[in-house]
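The values are calculated or read from the model by the stated rules, or taken from the named source; none is laboratory data. Not measured: the values here are computed from a predicted model. Cβ coordinates were reconstructed from backbone atoms using ideal geometry, including for glycine residues, and neighbour counts include every protein chain displayed.
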Amino acid sequence: MLHAWVIGPVIVTVGYWEQIGVETEIGARVEIRRVQPEPVPGANPGVAGFRVLPVSEGIWRADLFTGPDGPIYHYHPAFCDGDVGERHLDARLSVDPVGWTMDRLADIRGLLAGSGAADVADAVPQAHLDLVLPAIRAAIELSFAPISAHAARGR
């Protein structure tokens with residue numbers, strides 16, 4: 001399941017993710033991407049929707065994964081030419097992945113400025129973000145387990 005909140009010129013997405021490779025990593029993926037209005041040709045201005053641009057327009061990502069040997073919590077502070085680059089580690093992220101991520105999101109303007117998206121930082125309405133932060137936290141916590149595990153518990 002993917003949860004998404006459009007907050008001004010950005011979208012915050014949270015969802016369960018499985019990274020299949022040599023070893024399988026599972027957990028919560030949190031991303032910030034750009035969004036832009038998408039007018040409907042010939043329609044009244046109020047009909048416009050929004051468009052989530054592809055990963056090449058990603059800004060920041062946190063991967064709160066667990067692998068066969070335990071947690072693999074890391075983040076990607078900035079996308080470059082559509083690539084997230086190397087994994088970055090932080091001692092606090094390993095101790096409190098949800099709290100660390102929520103602290104970053106609570107200061108989304110600073111996060112955006114530090115991630116190469118200063119052009120949209122001031123356009124993010126902080127009051128709107130503050131309203132959805134509890135829902136974002138709940139989505140992160142829900143995303144640590146596969147949907148099948150939630151269904152088995154009757155959620």
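When region 44-97 is filtered for residues that are surrounded by fewer than 17 Cβ atoms within 10 Å (Cβ to Cβ), at pLDDT 90 or above and assigned to a helix (DSSP H, G or I), the ones remaining, listed by number, are A91, R92, S94, V95. Condition check for A145 on (1) out of contact with any Asp or Glu (no Cβ under 9 Å at 6 or more places or on another chain); (2) of a type outside the set (K, R); (3) assigned to a helix (DSSP H, G or I): one failure, at (3).
Among the residues of region 7-33, those identified as among the aliphatic types (A, V, I, L, M) and at pLDDT 90 or above are I7, V10, I11, V12, V14, I26, A28, V30, I32.
Return a yes/no flag: does region 107-127 have any residue that is modelled with pLDDT of 95 or more, within 17 Å of R29 (Cα to Cα), of a type in the set (D, E) and surrounded by 12 or more Cβ atoms within 10 Å (Cβ to Cβ). No, every residue in region 107-127 fails to be modelled with pLDDT of 95 or more, within 17 Å of R29 (Cα to Cα), of a type in the set (D, E) and surrounded by 12 or more Cβ atoms within 10 Å (Cβ to Cβ). Quick check on A145: is it buried (at least 16 other Cβ atoms within 10 Å of the Cβ) and more than 24 Å from Y16 (Cβ to Cβ)? When the stated conditions are applied, A145 does not pass them. Taking first residues from region 65-80 that are within 28 Å of R109 (Cβ to Cβ) and partners that are of a type in the set (K, R) and buried (at least 19 other Cβ atoms within 10 Å of the Cβ), the Cβ contacts under 7 Å between residues at least 6 apart in sequence or on separate chains come to Y75/R61; H76/R61. One residue stands out among those in region 4-26 that are in contact (Cβ under 8 Å) with a residue 60 or more places away in the chain and closer than 20 Å to H74 by Cα: the one that is surrounded by the most Cβ atoms within 10 Å (Cβ to Cβ), which is V14.
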